[in-house]
1. Working out 0.36 nm times the residue gap between I24 and A188, then minus their Cα-Cα distance, what length gain in nm do you get to one decimal?
2. Of the peptides 187-196, 170-179, how do they stack up when ordered by the mean number of other Cβ atoms within 10 Å, highest first?
3. Starting from the Kirkwood radius over alpha-carbon pairs of the range 66-181, derive D by Stokes-Einstein at 37 °C in a medium of 0.692 mPa s and give it in µm² s⁻¹.
4. I want to check the label-to-label distance for A136 and D78. Put each point 7 Å from Cα in the C-beta direction and report it in nm to one decimal.
5. Grab the eigenvalues of the alpha-carbon gyration tensor for the range 143-214, scale each by 5, take roots, and send me the semi-axes largest first in whole angstrom.
6. Compute the distance in nm between two label points, each set 7 Å from the Cα along the Cα-to-Cβ direction, one at A169 and one at R68.
7. Going by average Cβ density within 10 Å per residue, which order do the peptides 256-263, 57-64 take, highest to lowest?
8. Please compute the contact order of the range 85-143 in relative form: average sequence separation of alpha-carbon pairs under 8 Å and at least six residues apart, divided by the residue count, as a percent.
Amino acid sequence: MKIDLTETNSSKINAAMVQARRDIGTPAVGMVLTLVIVTDEENAYDALKSANDASHEHPSRIVVVIKRASRSPRSRRDARLDAEVRVGADAGSGETVVLRLHGELVDHAQSVVLPLLLPDAPVVVWWPDGAPTDLAGDPLGALGQRRITDTYSCENPVGTLGSRAGAYAPGDTDLAWTRITPWRSMLAAALDQQALTVVSATVEGEGDNPSCELLAMWLADRLQVPVRRTLSSGPGLTAVRLATKDGDIVLNRADGGLATLCMPGQPDRNVALKRRDTAELLAEELRRLDPDNTYAASLKYGVSQLAAATPVPEAAAAEPAEAPAKAEPSKPAAKPAKKAPAK
């Protein structure tokens with residue numbers, strides 16, 4: 001069921017939702033959280049579709065905030081709120097409110113959203129694109145226990161990681177980090193199987209993929225070894241190599257779907273490591289509402305090194321495994337390039 005409301009307010013929207021639930025025979029509210037999506041008209045459809053798919057695992061009240069740009073001084077002065085209420089099959093496993101803010105109301109979106117939040121339920125704020133630098137300081141971000149962004153959609157993804165680290169607050173997270181969860185799990189399991197000491201690491205992937213940078217920073221933070229970032233044609237993250245004295249541990253995914261895990265003294269094995277869509281990533285983030293300390297530590301570790309750790313061409317990846325191990329830990333990207341190949 002869909003209900004269109006023009007020049008309305010939060011009170012009328014709440015009344016419309018109650019009436020719609022009664023009309024379809026579900027007066028009870030069985031939702032576990034409120035998901036606030038801050039986006040624009042261009043990205044609203046895709047974001048709402050992903051949220052509806054994720055709601056099958058996390059029944060939610062989804063509030064979509066679309067700030068409409070005004071073209072004339074008169075329209076910028078006139079504040080107007082239009083809304084669309086969706087319940088039942090049109091709203092996944094919860095209910096959806098699409099808010100379109102006009103004029104001066106654009107600068108006061110939090111006053112419209114606050115009365116629509118579920119009482120005594122967690123609030124998650126998601127920016128599919130165009131997120132502010134200070135998430136917790138944003139008026140809408142301040143409403144949420146968790147704040148989700150996607151650095152991959154930024155103009156300068158790698159540079160944005162530094163800004164995110166500088167303004168980090170407990171509860172911030174990023175879908176670029178969520179994308180590497182299977183990689184982190186697989187690498188941790190590989191190191192648990194064998195008592196090997198990692199002396200250096202290499203992360204290979206596309207140049208403007210923040211997930212590659214985050215994985216490199218995670219490895220550097222957890223293993224305290226030099227980590228080098230190299231380029232590939234993708235798709236996304238393609239390979240991770242952990243150098244040990246007994247041989248390399250290699251997790252290689254060349255096609256974006258099936259990966260190969262190579263470990264010293266063991267046969268190669270194929271592992272499923274497919275690229276996940278936004279709905280799956282969002283559903284994973286909604287499973288936890290506490291601060292992600294591992295993400296925070298990895299993000300802050302790489303802030304001072306992002307500028308120095310310039311990705312090197314693929315040809316440099318053919319250097320001996322011993323070269324990165326001899327590099328100074330403070331300059332993991334610059335030193336290996338100066339080493340002569342072993343004779």
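The values are calculated or read from the model by the stated rules, or taken from the named source; none is laboratory data. Fair warning: this is a prediction, and the values are worked out from it, not measured in the lab. Please note: Cβ atoms are built from the backbone with ideal geometry, for glycine as well, and neighbour counts cover all protein chains shown. The area values use the complete protein model at the heavy-atom level, side chains included, leaving out ligands, DNA and RNA. Shrake-Rupley method; radii C 1.70, N 1.55, O 1.52, S 1.80 Å.
1. Separation in residues times 0.36 nm, less the Cα-Cα distance, equals 54.2 nm.
2. My ranking of the peptides, most packed first, is 170-179, 187-196.
3. In µm²/s, the coefficient is 205.
4. Label-label distance for A136 and D78, simple model: 4.1 nm.
5. Values: eigenvalues 139, 52, 24 Å².
Each semi-axis is the square root of five times an eigenvalue, giving 26, 16, 11 Å.
6. 3.0
7. Details: 256-263: 16.8, 57-64: 22.0.
For the peptides 256-263, 57-64, the packing ranking is 57-64, 256-263.
8. Relative CO of the range 85-143 lands at 24 percent.
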